[in-house]
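K.L.:
Handing you a structure now.
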Amino acid sequence: MRETIFFNRDQLKIIRWYGYVYSLVFEYGIWLFSLLFSFLFVWIFFLSSYFSNLTLRENIDVTDAQNQLRKEYITQRSLVSSFSGFQLLGLGGMVETTTGVLQSQDNLIVYASGVVLPRLFVLNFPGSEQMLRRVVDGNYDSAFLHQYFLKFLVEGLQSSYELSLPYHALPLSQGLREHFGLSCLEGVTQHSFVCSSYVDQFLKTFSMFDLAKTEEEIKEAPSFAVRDDFFEIYDYLKIDYTVGPKVCQGLLQYLQYGGKNDDRFSQIFHSCGSEMYNQYVFLRDFLLLTESLRLGYLDSKVYASSSLNHYKLFSLQQLLYKRLLAVENAEPLLQAYLGFLYEILTREGNKGITLLDQFSKDFTYWYNSTILLPYLRDENSKLSKDIRTNLISKLLVIDNGNKSLNVVGLTAQTTLLKPKISSATSDQQEQKTLEELFRASIPSQFRLTALTRGEQDEKLLIVEGVDQPTQVALKAYLKFDAARFYVDRIEVADTPSLEEFVNAILQVDRYNFVKMLGLLADNRAIAEQNQALSLDFCEIFSAKYPNDLLTCSSEQIRMLKGETEQSSGTVYTFGLEKGRLKSIELSDKVLETQLLKEIDFSTMTQEKTLHMIPFVLDFVAKDHQSGFGLKEQLLVNDKFVKYFKQAPKKVDIVGGIVKVYFTLQDINFIGTYDIATHRLAPIALDFGGARSPVIIQKMELYLVDTAIEDLNRFVLTPLKYLQSINANLVKRYFKDGVLKP
């Protein structure tokens, strides 16, 4: 029999309510909770307060400004291309056009892919184009070059104004993270849709904004020009390999729109391939050159780009003529101009390359002969006699060349001299110019009695006369090397000890004629008393190496270096003869063999001995991977002794790069030295272990004779020299003239 269950009314009521709850919770509740959870997820991940103060940067005002910026930039470029045959390679300033007139300032413009125009010019069509066509065809002479000079260099100075760019970068009211909403890169939301949208917007538009630091930020880090947060953002984005080219393209646009360059851009462009890196280098060099021309501060740097070299040459000639007209002090600009020309001719001669085309050399020869040389010979010019003489000597080398340095002068390369002068005539003219140059520089204290030329060496001048303050009759043999005369040796009548004394000094260093006369006056009394010129090596080295010096005498110095508990060290024996190093013996025969292969004892002097012994003690055997050994280290050492009058404290090779440590007036420096070009750059302040070195921006030194004035300014007053280059750096890192961490 089937069993039946009966429920009363209250039980049925409970069962019914339970059914309602079951349906609500288990049938509909799951969907409801899922919906609530989804909404909460979307709200947290997309619509939370983390993004509440950020929006995609499509504000209509900013967009209009960006479009206007692009439009103005494109307009400037199209103004040039509207004239047939003209091409704009670099836009750094203003372009204006009216009917038949093209006016430009701070732009690199070429005609027919060959003729580079200067920084400032005004062209009137069709006359100007007809002149340029004659240049392209090579159909010109000296009279035409004079008209070209008036039209393309002088007229630009008279008619051009300091015009500002019509477009300006958009300002940032806050940091890049806040402005573009890129704080999301630092959290779990970096892969979200919104964060990706912000990144896309940043990559598309950052080039339109002013990324430069504020004045306060520059005081904190004067070496860099762009906000640090830009590079921090790039570090987050560079993980995606597709981002690099977009950033590089944006940086090119940023620089083209007038943005500030930053040394750290170079690292970014290295990751974008050689083609884009070369575009950056060209644009960077052009903008820096344009800024230097605008400020009137130039150096002798030669560029890899032929168009940049031509642009610099013609713009320098234009700026120099402006200085001469204004009767301003043109010496720094003259030094830069002549140094630039000499560097170009040197590279052409030694590397077998062509850096300047034929027209540029012809025009430069005409400019130097017609504009520059008469000014330098004018006694009423603002330059002193010594400065004019120095500049004329440099100009002489540029015109006539230097066979010993494989430099071919402009006289031998120009097509303006017809018929071509013979080699003998050229040498006679050069010799005549040398004699005139020396006569112009004779000091008033010297009474010249004869001036003749060497029989075998045509660049040797034999000067005879009397030094009136000392009443010493002498014969001096002068040589002309690169840019100046120096005394090779002298003959002194009736005073052989004085002759021997001065000639010993002349073997150590190069003295000009005036300084040589000073040597006579300073050392005459000593020589007459037969006092020998000597250096007490024992006293010097016992103070410098108190723990290493074993024995010392006038004939031999013995030292022990590198002794430890595990090693007996190396014994160095230096043989001396009349104060000169004549032999070296080492207990380490491998190192001794390498040293003896490259040291020439026949050229050793007391001065060289003084620097050679410490150098040998510090020498480390050649690393065959680096290719940098004793010969190269001796070269660095000799260069510093010659120009800094001291040897460097240390020379290190790091990854094939030569690092030179040196000190001037208690200021420690670290420089990177290029053996091939003798360029010392970059140069950094060395704080030792207190902190990392700080690079001195815009500072480079060339350890060559043509840069001797600049080197002397640095060696004599290093702090003042740094002040002229970067006043903010001196203010930050020096206190009362002392370097502070």
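The values are calculated or read from the model by the stated rules, or taken from the named source; none is laboratory data. Since we're looking at a predicted model, the values are computed, not measured. Neighbour counts are summed over all protein chains in view; Cβ atoms, including those assigned to glycine, are modelled from backbone coordinates with ideal geometry.
K.L.:
In segment 148-158, is there at least one residue being at pLDDT below 90, on the phi > 0 side of the Ramachandran plot and touching a Leu at 6+ places or on another chain (Cβ under 6 Å)?
P.N.:
No, every residue in segment 148-158 fails to be at pLDDT below 90, on the phi > 0 side of the Ramachandran plot and touching a Leu at 6+ places or on another chain (Cβ under 6 Å).
Results for (1) modelled with pLDDT of 80 or more; (2) closer than 23 Å to Gly579 by Cβ; (3) assigned to a loop (DSSP other than H, G, I, E, B), shown as yes or no for each residue.
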residue: Lys608; (1), (2), (3): no, yes, no
residue: Val616; (1), (2), (3): yes, yes, no
residue: Val620; (1), (2), (3): no, no, yes
residue: Ser626; (1), (2), (3): no, no, yes
residue: Phe640; (1), (2), (3): yes, yes, no
residue: Ala647; (1), (2), (3): yes, yes, yes
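K.L.:
Residues of segment 240-267 being over 11 Å from Leu283 (Cβ atoms), modelled with pLDDT of 90 or more and surrounded by 19 or more Cβ atoms within 10 Å (Cβ to Cβ), which ones?
P.N.:
Across segment 240-267, the qualifying residues are Val247, Cys248.
K.L.:
Are any of the residues in segment 304-320 surrounded by 16 or more Cβ atoms within 10 Å (Cβ to Cβ), among the aromatic types (Phe, Trp, Tyr) and touching a strand residue (DSSP E or B) at 6+ places or on another chain (Cβ under 7 Å)?
P.N.:
Checked segment 304-320: at least one residue is surrounded by 16 or more Cβ atoms within 10 Å (Cβ to Cβ), among the aromatic types (Phe, Trp, Tyr) and touching a strand residue (DSSP E or B) at 6+ places or on another chain (Cβ under 7 Å).
K.L.:
Can I ask one more? Please give the number of the condition Glu3 fails out of (1) modelled with pLDDT under 70; (2) surrounded by 10 or more Cβ atoms within 10 Å (Cβ to Cβ); (3) acidic (Asp, Glu).
P.N.:
Against the list (1) modelled with pLDDT under 70; (2) surrounded by 10 or more Cβ atoms within 10 Å (Cβ to Cβ); (3) acidic (Asp, Glu), Glu3 comes up short only on (2).
K.L.:
I'd like the residue in segment 279-297 that is touching a residue at least 12 places away in the same chain (Cβ under 8 Å) and of a type in the set (A, V, I, L, M) and, out of all such residues, is nearest to Leu120 (Cα to Cα).
P.N.:
Looking at the filtered set, the residue picked out is Leu293.
K.L.:
Further, regarding this structure: Which of the residues spanning segment 227-260 are acidic (Asp, Glu) and out of contact with any Asp or Glu (no Cβ under 9 Å at 6 or more places or on another chain)? Spell out how you get there, then give the answer.
P.N.:
Start the filter on segment 227-260 by keeping residues that are acidic (Asp, Glu), which leaves 228-229, 232, 235, 240.
Correct list: Asp229, Glu232, Asp235, Asp240.
K.L.:
For segment 562-569, indicate whether the set of residues that are modelled with pLDDT of 80 or more, more than 22 Å from Asp674 (Cα to Cα) and not assigned by TED's automatic domain parsing to the domain that holds Lys650 is non-empty.
P.N.:
Here is the first cut: in segment 562-569, the residues modelled with pLDDT of 80 or more are none.
No - not one qualifying residue is present in segment 562-569.
K.L.:
So Leu341 passes all but one of these: (1) of a type in the set (A, V, I, L, M, F, W, C); (2) farther than 26 Å from Tyr148 by Cα; (3) surrounded by 20 or more Cβ atoms within 10 Å (Cβ to Cβ). Which condition number does it fail?
P.N.:
Exception for Leu341: condition (2).
K.L.:
Could you please give the count of residues in segment 712-729 that are buried (at least 19 other Cβ atoms within 10 Å of the Cβ) and among the aliphatic types (A, V, I, L, M)?
P.N.:
Residues flagged as buried (at least 19 other Cβ atoms within 10 Å of the Cβ) and among the aliphatic types (A, V, I, L, M) within segment 712-729 amount to 2.
K.L.:
Quick check on my filter: what residues within segment 353-378 are in a helix (DSSP H, G or I), closer than 17 Å to Asn309 by Cα and among the hydroxyl-bearing types (Ser, Thr, Tyr)?
P.N.:
Answer for segment 353-378, where residues must be in a helix (DSSP H, G or I), closer than 17 Å to Asn309 by Cα and among the hydroxyl-bearing types (Ser, Thr, Tyr): Ser360, Thr364, Tyr365, Tyr367.
K.L.:
How many residues are at pLDDT below 80 and in a helix (DSSP H, G or I) if we restrict to segment 520-536? Don't jump to the end; show me each part of the working.
P.N.:
Residues of segment 520-536 that are at pLDDT below 80, as a first pass: 522-536.
Now drop any that are not in a helix (DSSP H, G or I), which leaves 522-528.
Matching residues across segment 520-536 total 7.
K.L.:
In addition: Are there any pairs, at least 6 apart or on different chains, whose C-beta atoms fall under 6 Å, with the first in segment 190-210 and exposed (fewer than 15 other Cβ atoms within 10 Å of the Cβ) and the second of a type in the set (S, T, N, Q), and if so, which?
P.N.:
Filtered contacts from segment 190-210: no entries.
K.L.:
Still on this model: Report, by residue number, each residue of segment 108-133 that is surrounded by 13 or more Cβ atoms within 10 Å (Cβ to Cβ), touching a helix residue (DSSP H, G or I) at 6+ places or on another chain (Cβ under 9 Å) and part of a helix (DSSP H, G or I).
P.N.:
Ser128, Met131, Leu132
K.L.:
Could I ask something else about it? Within segment 638-675, which residues are aromatic (Phe, Trp, Tyr) and crowded, with 16+ Cβ neighbours inside 10 Å?
P.N.:
If the condition is that a residue be aromatic (Phe, Trp, Tyr) and crowded, with 16+ Cβ neighbours inside 10 Å, then Phe640, Tyr643, Phe644, Phe662, Phe669, Tyr673 are the ones that fit.
K.L.:
Looking at segment 260-272, is at least one residue over 30 Å from Phe363 (Cα atoms), of a type outside the set (A, V, I, L, M) and in contact with a Gly (Cβ under 6 Å, 6 or more places away or on another chain)?
P.N.:
Yes, segment 260-272 contains a residue that is over 30 Å from Phe363 (Cα atoms), of a type outside the set (A, V, I, L, M) and in contact with a Gly (Cβ under 6 Å, 6 or more places away or on another chain).
K.L.:
Next up: Cβ-Cβ distance below 8 Å, separation of 6 or more or different chains: which pairs start in segment 215-241 with a residue that is over 25 Å from Ile696 (Cβ atoms) and in a helix (DSSP H, G or I) and end on one that is at pLDDT 65 or above and of a type in the set (Phe, Trp, Tyr)?
P.N.:
Here the result reads Ile233/Phe202, each pair linking segment 215-241 to a residue that is at pLDDT 65 or above and of a type in the set (Phe, Trp, Tyr).
K.L.:
Here's a follow-up. Kindly list the number of the only condition in (1) modelled with pLDDT under 85; (2) within 23 Å of the chain's Cα centre (by Cα); (3) in a helix (DSSP H, G or I) that fails for Gln190.
P.N.:
The number of the failed condition is (2).
K.L.:
Of everything in segment 268-287, what is surrounded by fewer than 14 Cβ atoms within 10 Å (Cβ to Cβ) and more than 23 Å from the chain's Cα centre (by Cα)? Give them in sequence order.
P.N.:
Matches in segment 268-287: Gly273 only.
K.L.:
I've got another one for you. Where residues in segment 67-107 are part of a strand (DSSP E or B), of a type outside the set (Ser, Thr, Tyr) and touching a Phe, Trp or Tyr at 6+ places or on another chain (Cβ under 7 Å), which of them is surrounded by the fewest Cβ atoms within 10 Å (Cβ to Cβ)?
P.N.:
Per the stated criteria, the residue is Phe86.
K.L.:
Within segment 383-401, is there a residue that is in a loop (DSSP other than H, G, I, E, B), closer than 26 Å to Val136 by Cβ, over 26 Å from the mean Cα position of the chain (by Cα) and modelled with pLDDT of 80 or more?
P.N.:
No, segment 383-401 contains no residue that is in a loop (DSSP other than H, G, I, E, B), closer than 26 Å to Val136 by Cβ, over 26 Å from the mean Cα position of the chain (by Cα) and modelled with pLDDT of 80 or more.
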